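Here is the structure we will look at.
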Amino acid sequence: MVRELLRWVRVWDLPTRLFHGLLVLCFAGAVLSAKLGGNAMVWHIRLGCAMLALIAFRLLWGFLGGRWSRFSSFIYRPTQVWRYLRGCARPADHFEVGHNPLGALSVLLMLACLLLQVGSGLVADDEIAASGPLLRFVSSEVSQYWTAYHKDYGQWALFALIGLHILAVVFKQFVQGHPLIGAMVKGDKVLPAEVQPVRDDLASRLLALALLGCCAAAVYWLAGLDSP
């Protein structure tokens with residue numbers, strides 16, 4: 001019996017890893033500043049805008065980034081999902097490389113909820129210390145609805161998704177023995193030799209930097225619309 005040849009393969013490119021880390025830090029800072037309230041709400045809004053720029057970048061990078069960072073690599077057909085659930089994966093499915101079907105669903109749901117949470121904050125108004133930069137463009141009824149979502153349903157949905165995500169990572173890491181944490185930090189996994197590594201060279205990193213700069217500029221312009 002021939003043993004399968006394994007090697008270290010770059011799966012997560014540097015832009016994807018930096019996005020992940022920066023998003024975690026911005027989210028933690030946004031939650032903390034909201035709980036502190038008062039003058040800290042200025043930072044809540046700034047961090048929310050930073051998160052919006054990061055999410056916009058990730059959406060673009062999902063089409064223009066490296067192979068395993070693209071949405072096409074983890075949006076699965078129903079037949080693939082069924083094979084995964086039955087434990088009958090084929091080598092070409094590559095469930096072990098990037099996100100498996102359940103992990104992919106978690107990522108997509110989290111991006112959608114984060115986008116809704118940040119978007120709702122743009123028109124939210126706590127009537128005390130802070131209001132979103134696009135508040136003056138919506139009616140009071142619309143603002144009240146999205147303010148309630150932002151302060152209640154939205155944040156609890158995010159906390160639930162993040163909690164499930166952390167539990168899944170812990171289970172994979174410490175119960176099933178998959179080094180997910182190390183892979184997200186370093187970018188590499190031990191995989192079959194035929195798995196192609198993600199492109200992670202200077203050109204792709206400069207492209208990512210340019211995309212992030214465009215996203216940051218767009219969000220900066222958007223945030224400035226509250227000025228008469």
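Computed from the coordinates by the stated procedures, all read-outs in this text should not be read as laboratory data. All of these numbers come straight from a predicted model, not from anything done at the bench. Note: ideal-geometry Cβ built from the backbone for every residue, glycine included; neighbour counts use all protein chains shown.
Structure data summary
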quantity	calculated
Sites ALA28 and LEU85 - FRET efficiency at Förster radius 41 Å, r taken between beta-carbons, to 0.05	0.80
Estimated vicinal HN-Hα couplings, Hz - segment 137-150 in sequence order (Karplus 6.51, -1.76, 1.60; Gly, Pro = x)	9, 10, 6, 5, 5, 5, 4, 4, 4, 6, 5, 4, 4, 4
The chain, dipole about Cα centre (Lys/Arg Cβ +1, Asp/Glu Cβ -1), debye to the nearest 20	840
Partner lysines for LYS189 [C-alpha distance under 24 Å; skip if fewer than 8 residues away on the same chain]	LYS172
Debye intensity ratio I(q)/I(0), log10, the chain, q values 0.10, 0.14, 0.16 Å⁻¹ (C-alpha model)	-0.54, -0.96, -1.17
Inter-label distance, nm, simple model (7 Å from Cα along the C-beta direction), VAL142/LEU102	4.0
DSSP-loop trypsin sites (Lys or Arg not before Pro) across segment 113-174, with at most 16 other Cβ within 10 angstrom	none
Simple label model, 7 Å out from Cα along Cβ direction - ASP152 to GLN173, nm	3.5
Stretch gain in nm, segment GLN196-ARG77, where the contour uses 0.36 nm per residue and the Cα spacing is subtracted	40.7 nm
Tilt relative to the chain, helix 154-170 - C-alpha long axis, 0 to 90 degrees, to 10	20
Integer Hz, Karplus 6.51/-1.76/1.60 couplings in order for segment 174-188, x for Gly and Pro	9, 9, 8, x, 8, x, 5, 5, x, 5, 6, 7, 8, x, 10
